[in-house]
Amino acid sequence: MLKKVMMKGIAGVTASMVLASTSWAADYELRIATWLSPTHTMNQDVFPTWGKWVEDATEGRVTIKLEYDVGHPKSLVDMVEDGAIDAAWTFHGYLPGRFRLPQMTELPGLDAGAEAVSVAHWRINDQYFKESGEYDGIEVAGLFVHGPGQIHLRSPIDSIKELKGKKIRVGGGISTEIGKRLGVTGVNAPANKAYEMLSQGVADGLFMQMDMMKVGRFKDVAPYTIKLPNGLYLGSFGIFLSPDFMAKLSEKDREAIRSVSGERLSALAGRAWAKADEVGEADIIESGSQITNASAEDIAFFNELIEGMDQKWIKTAKRRGVDAETALEAFRTEARNYQPIEL
C-alpha cells in the first residue's frame, strides 16, 4: 500500500514537472497577422524558419503562430501599433501616405536580386532613415522586396506601348507611378483580390512578380507575360513587431528576437521570394502560358519613360528630413556589391 502511495506521489510530481516545463517553454506566443495563401513562401517558408530561429534564440520561451484573415493588409500596421496583434507584414505601397522612403527600393533599373536589395534596404534604413518617423509606434523586424514585377495580360499584345488605356491591377507604390507613365487605367487592389478582378474582366491584366502566377493562380486568368530584364519595379515590404508585445518580454528575450531578425530576416525573406519567382516562372512555362521577352524597342521606350523617377523620389524623401541623394547612392552600391550572408 505504501509503495502504491509513493509511486502515485512520484507520478504526480513528475507530471507537475512536465507541466511546469511546458509552461516555461512557451511563455509567450507571438501572433503574426498574415495574408496571401498558406502555400505562399512567406507563410510556408519565411515565417516557419524565423519562428524556429526565435524559439531557439529564446530557449523556447517565445513561439510564433500565424493568424489569417485578421484584416485588410493595409490595416495591419495600425493593428500592430495598437497592440491588437503582436506582429504583421504588409506591402509599403498599401500605405503611400505613411511610407515614402521604402519606395527607394522599388525604383526601376536596378540590376540586383531580391535578397541583395532586401539586405541593402535594411542597412540603409538603419543608417539613414531611422529618424524619419515613418516607423514610429512599431518596431521593424525585417525589410524586403519581392522580385521584378512583370506585365501579365488576359490577351496578348505586340508592344508595351499597347498597354495605354488598358485596365491594369496595380498594388501601389512605384507600380502605380509606372502605370501612370504607361498610360494604363490603374485598378488598385491587394494581391489576394486580384484573381477575382481578372476572372470577372474588371482588369485586363496585372503587374506582378512571377511567384504569384503560380501561388495566386494568375496564370489561369492572365496567361500572356511580357518580361523586362529587370522588371517594371520591385515591391517593398516590412515585417513589424508590436512594442506592447516586446515590452512583455525580458530584455534577454527581446535582444534574442532582434538577434535573429533585422538583416538576417530580411535576407531570408528576399532569398525565399527570389526562389519562389524561379518556381513560378518554371510553372507558367510548363502550363503553356506565353512569356515574351521585351523587345529592344520596348526596353528603350521603358527606359525613356522612367526618366526623372529618381529625382521625384528624392524630392519626396527630403520632406522626411533625410539625405536622400546619399542614401539612394549608398543603397544601390550596397545592393550591387552584396555578398550572400549565412542564414
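The values are calculated or read from the model by the stated rules, or taken from the named source; none is laboratory data. Bear in mind that the values here come from a model prediction, so they are computed numbers and not experimental data. Here the Cβ positions follow ideal geometry from the backbone for every residue, glycine too, while neighbour counts run over all protein chains shown. For accessibility, only protein heavy atoms count, side chains too; no ligands or nucleic acids. Shrake-Rupley method; radii C 1.70, N 1.55, O 1.52, S 1.80 Å.
The residues on offer are T105, T90, and the sole one that is modelled with pLDDT of 95 or more, hydroxyl-bearing (S, T, Y) and touching a Gly at 6+ places or on another chain (Cβ under 8 Å) is T90. Considering (1) farther than 19 Å from S287 by Cα; (2) assigned to a helix (DSSP H, G or I), the lone condition that K219 does not fulfil carries the number (1). Taking the conditions exactly as written (open to solvent by less than 10 Å² (accessible area, probe 1.4 Å), modelled with pLDDT of 95 or more and small (G, A, S)), does G179 satisfy them or not? Answer is yes for this residue. The listed residues are S259, S242, S287, and the only one of them that is touching a strand residue (DSSP E or B) at 6+ places or on another chain (Cβ under 8 Å) and not hydrophobic (A, V, I, L, M, F, W, C) turns out to be S242.
Here G183 passes the criteria (1) more than 26 Å from the chain's Cα centre (by Cα); (2) under 19 Å from P223 (Cα atoms); (3) free of Cβ contacts under 8 Å to residues at least 24 places away in the same chain except the one numbered (2).
Being of a type outside the set (V, I, T) and at pLDDT 95 or above is not true of L36.
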